Amino acid sequence: MTTMLMPPSSTALEIRPLPALPWRDPHTVPTSELTAYIDQLELACLAQPRSADLRTRLGMAYAVNYDVYKSMDALKIATVIEPDHFWAQMKYAELYYRLRALSRAEAETSRALNLARNPIELAIARKQLLEVRRLRRESARDVAWTKPLMPPALVLSAMVLLTFVVMMWG
């Protein structure tokens, strides 16, 4: 078990311990603990809005909780707050990789590769970049995420509403 602590201050918040690297196996993290951890991280981010580390942790916790949009927002904010933060950039790229938006994942992973400051970071970024390029080469589905989802959502809603009306009428 690891405990993540905020830097000492008069309003320091202690982050409750969670299993080491819970994002590697989300099925081992109880939902209640994950929710409490996310709540604590959100409060910590409000207390320290310029902390890229906290935003990165929050983005990873959201990803474990399958909240993709919040995860992407938190990781993007972390990369804006601190553009040379390797882990924020790497996790942001990894999220695109997991969503199979491979062209974007390749670009973001390349940025992370340029930010690597030690052999371990370099190896992690290279491994992900190789995997992204392998998937692109093997014609894996590459989602661009450039089209709005509002029209399909409205059509689906209209179909559900129409089905409901027909069932209630009949």
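The values are calculated or read from the model by the stated rules, or taken from the named source; none is laboratory data. Bear in mind the structure is a predicted one, so any value in this text is a computation, not a measurement. Please note: Cβ atoms are built from the backbone with ideal geometry, for glycine as well, and neighbour counts cover all protein chains shown.
The lone criterion from (1) under 13 Å from LEU102 (Cα atoms); (2) at pLDDT below 95 left unmet by GLU121 is number (1).
A quick yes/no check of all residues on (1) assigned to a helix (DSSP H, G or I); (2) at pLDDT below 90; (3) surrounded by 10 or more Cβ atoms within 10 Å (Cβ to Cβ):
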{"residue": "LYS70", "(1), (2), (3)": "yes, no, yes"}
{"residue": "LYS76", "(1), (2), (3)": "yes, no, yes"}
{"residue": "THR79", "(1), (2), (3)": "yes, no, yes"}
{"residue": "LEU113", "(1), (2), (3)": "yes, no, yes"}
{"residue": "LYS127", "(1), (2), (3)": "yes, no, yes"}
{"residue": "ARG134", "(1), (2), (3)": "yes, no, yes"}
{"residue": "ASP142", "(1), (2), (3)": "no, yes, yes"}
{"residue": "THR146", "(1), (2), (3)": "no, yes, no"}
{"residue": "LEU156", "(1), (2), (3)": "yes, no, yes"}
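Taking the conditions exactly as written (within 30 Å of SER32 (Cβ to Cβ), touching a Lys or Arg at 6+ places or on another chain (Cβ under 6 Å), outside the structural domain of PRO30 (by TED's automatic domain parsing) and surrounded by 11 or more Cβ atoms within 10 Å (Cβ to Cβ)), does TYR92 satisfy them or not? For TYR92, the condition - within 30 Å of SER32 (Cβ to Cβ), touching a Lys or Arg at 6+ places or on another chain (Cβ under 6 Å), outside the structural domain of PRO30 (by TED's automatic domain parsing) and surrounded by 11 or more Cβ atoms within 10 Å (Cβ to Cβ) - is not met.
Sub-6 Å Cβ pairs linking a first residue in region 61-74 that is without any contact (Cβ under 8 Å) to a residue 40 or more places away in the chain to a second residue that is basic (Lys, Arg) and surrounded by 15 or more Cβ atoms within 10 Å (Cβ to Cβ), at least 6 apart or interchain, are TYR62/LYS70; ALA74/ARG55, ordered by first then second residue. Looking at the structure I just gave you, is TYR66 on the phi > 0 side of the Ramachandran plot and either outside any helix (DSSP H, G or I) or of a type in the set (Phe, Trp, Tyr) (or both)? It is true that TYR66 is on the phi > 0 side of the Ramachandran plot and either outside any helix (DSSP H, G or I) or of a type in the set (Phe, Trp, Tyr) (or both).
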